[in-house]
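Working notes, beginning with the structure itself.
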Amino acid sequence: DARNPGQPEFIQAVTEVMESLWPFIEANPRYAEQALLERLVEPERVIMFRVCWVDDRGEVQVNRGYRIQHSSAIGPYKGGIRFHPSVNLSILKFLAFEQTFKNALTTLPMGGGKGGSDFDPKGRSQGEIMRFCQAFVSELFRHIGSDTDVPAGDIGVGGREVGYMAGMMKKLSNRADCVFTGKGLSFGGSLIRPEATGYGTVYFAEEMLCHAGRSMAGLRVSVSGSGNVAQYAVEKAMALGAKVVTVSDSGGTVIDEDGFTTEKLAILMDVKNRQYGRASDYAKQVGARFEENVRPWHVPVDVALPCATQNELDESDARTLIANGVKCVAEGANMPSTIEAAKAFEAAGVLYAPGKASNAGGVATSGLEMSQNAIRMNWTRDEVDTRLLQIMQGIHAACLQYGKRKDGRLSYVDGANVAGFVKVAEAMLGQGVI
Ligand code: NDP
């Protein structure tokens, strides 16, 4: 705490990982040599910078930009850019730390990083968004590159914003290599990248359920959020025969006992991705109930998929879900459950997947986008989707391999943390003290 004052999210993420790792390191003390753990919790580099731009009224705005280059032990730094007023050093350091383990789990050669700004895109015009993205990259460009650091999207940064940033990068660097992932299809993007995080989360939930002798088909599912991850989690859960009864945003929760349909999902995507509207607007359009300032966790379901943001599901939410009979929780968002909530799920025997395992499909497909760019080829939808499914199955298998506790119970939290750690640790030990 003394080294990282005012960084509660970063300390929360490190605590969760260290609690998992401790028994493993006691049994394998060579992983505590050469100050490995001390090095692992210190980002390789933190960049903070001024971003100034001119709004539509002609006024100068000043925001703060960040890039956390956490670990390059197994490849170029890789992780998304977040634009949200809550962005600060603690949140981005936690995300970059988590990303390092997640990227290791994918088995693709990617290090860990994260970046963003406290810029709030809500209510901003297209021109303002573009000027902000360009101003952000006018500093970031000197720190990133296709073999150095490869950013992507995250909260508040979708295909449009990635496109503006990739365009500015090209102009400033005078190079056409592909430095961002999540790009548009016409300039190096990969099929299935927009779908990948949501699809991957549902693939992972299905793996957990199958391993426990069940399946998604016929189950009731709640999803939080209504952005990129949430939308494709809804789509894939429906495709596997589940009934999705909620989505949400920062204004509240849509509860639809009739369940989502393909038509309703198309309306949600139009409201969110084209009109930049609210979940309440969507609820009105489809005649569903909307509960203001409420999260979805009081709705009884078999499967919960938190896909909005960090710490959106606390211990009391977890107890409500458990009391209502939840069987499986797979995180589409990063660290949506508090440590206490995660412990409550595991203690109750709920199949609980931490984000670094279940939402790794997004960055994995970004890795596949990098591969396609490097060989200057595009793979088909089926080819990318098949690889995504295989990667999610591989992560599930790694969790089984490393997640057995002394009492014989399976912990996906321990499995993901230890499996990710072993890969990063081996790479760090092999490359000496740097
Ligand atoms: P989007 O910006 O597309 O959607 C975010 C959604 O979460 C929106 O519905 C938003 O509501 C809601 N939300 C954001 N902040 C808050 C908040 N403080 N309180 C309540 N609701 C909030 O982002 P993504 O879907 O891309 O990301 C969602 C989560 O998934 C994040 O945790 C992200 O880190 C994680 N993730 C994303 C990946 C990706 O590929 N995009 C990959 C792996 C993880 P509102 O519109 O009202 O703000």
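Please get the size of the charge dipole for the chain, origin at its Cα centre, with Cβ charges of +1 on Lys and Arg and -1 on Asp and Glu, quoted in debye to the nearest 20. Before the final figure, lay out each step's value.
Values: 46 positive and 50 negative charges, 171 e Å.
Value, rounded to 20: 820 debye.
Charged neighbours of Val294, selected by a Cβ distance under 13 Å, balance to -3 (K, R count +1; D, E count -1).
With θ taken as phi - 60° and the Karplus curve 6.51 cos²θ - 1.76 cosθ + 1.60 applied, the whole-hertz 3J(HN,Hα) list for region 183-188 is 6, x, 4, 6, 10, x Hz, x standing for glycine and proline.
Report, in deg cm²/dmol and to the nearest 500, the calculated mean residue ellipticity at 222 nm for the chain, where each DSSP H run with n ≥ 4 adds -39500 (n - 2.57) and the sum is divided by the residue count. Mind dumping the intermediate values first?
Working: 15 runs with 197 residues, N = 434.
The per-residue figure over the chain is -14500 deg cm²/dmol.
In region 255-387, the C-alpha radius of gyration followed by the widest Cα-Cα span (Dmax) gives 17.7, 52 angstrom.
Under a 5 Å amide H cut-off, with hydrogens placed 1.01 Å from N, Tyr352 pairs with Val329, Tyr412 among residues at least 5 apart or on other chains. In this Cβ point-charge picture (+1 for Lys and Arg, -1 for Asp and Glu), region 207-331 has a dipole of about 220 debye about its Cα centre.
Only helices reaching 18 angstrom along their own axis (Cα) with mean Kyte-Doolittle hydropathy no lower than 0.5 count here, and for the DSSP H runs of the chain these are 89-105, 412-430. Computed from the C-alpha gyration tensor, the three semi-axes of the ellipsoid equivalent to region 26-87 are 38, 10, 10 Å, from longest to shortest.
Each residue of region 348-356 was assigned a 3J(HN,Hα) from its phi angle through the Karplus expression (A = 6.51, B = -1.76, C = 1.60, θ = phi - 60°), giving 8, x, 6, 6, 10, 10, x, x, 5 Hz with x at Gly and Pro.
Which residue, Val303, Tyr352, Met377, has the largest displacement toward the positive end of the dipole of region 265-412 when charges sit on each Cβ (Lys, Arg +1; Asp, Glu -1)? The Cα lying farthest towards the positive end belongs to Met377.
Please state, rounded to one decimal and in Å, the Kirkwood hydrodynamic radius that the chain gives when every pair of distinct Cα atoms enters the mean of 1/r.
Computed over Cα pairs of the chain, the Kirkwood hydrodynamic radius comes out at 21.7 Å.
Where both partners of a DSSP beta bridge lie in the chain, what percent of those bridges are antiparallel, to the nearest 5?
On the way: 27 of 47 bridges.
Around 55 percent of the beta bridges assigned by DSSP in the chain are antiparallel ones.
Sorted fewest first by neighbouring Cβ atoms within 10 angstrom, Met428, Met208, Met377 come out as Met377, Met428, Met208.
When the chain is treated as a Gaussian network with alpha carbon springs shorter than 10 Å, the biggest mean-square fluctuation among Ile375, Ile322, Ile25 belongs to Ile375.
Rg/Rh, computed from the Cα trace of region 1-122 with Rh as the Kirkwood radius, has the value 1.06. Whole-Hz Karplus values for region 213-218 come out as x, 10, 7, 5, 3, x Hz, taken residue by residue from phi with 6.51 cos²θ - 1.76 cosθ + 1.60 and θ = phi - 60°; glycine and proline positions read x. Taking region 74-185, how much of its Cα-Cα pair set, in percent, is spaced more than 22 angstrom apart? Tail fraction, whole percent: 28.
Are any of the pairs Lys327/Lys404; Lys170/Lys272; Lys78/Lys423 more than 22 Å apart by Cα-Cα distance, and if so, which? The partial results should precede the final answer.
Working: Lys327/Lys404 19 Å; Lys170/Lys272 29 Å; Lys78/Lys423 16 Å.
Table pairs above 22 Å Cα-Cα are Lys170/Lys272.
Going by neighbour counts of Cβ atoms within 10 Å, the residues His396, His211, His143, His84 line up, fewest first, as His211, His143, His84, His396.
In the chain, taking the dipole from charged Cβ atoms about the Cα centre, the farthest positive-side position among Gly158, Pro5, Gln393 is held by Gly158. Summing charges over neighbours of Thr15, with a neighbour being any other residue whose Cβ is under 12 Å away from its Cβ, gives -4 when K and R count +1 and D and E count -1.
Computed over region 244-326, the P(r) curve from all C-alpha pair distances, binned at 10 Å from the origin, holds 18, 51, 27, 4 percent per bin. Top mean-square fluctuation among Pro194, Pro29, Pro151, Gaussian network model of the chain, C-alpha springs under 10 Å? Most flexible of the set in this elastic network: Pro29.
We did not get these values from a lab; they are worked out from the coordinates using the rules stated. These numbers come from a predicted model, not from an experiment. Note that we place each Cβ from the backbone using ideal geometry, even for glycine, and neighbour counts take in every protein chain shown.
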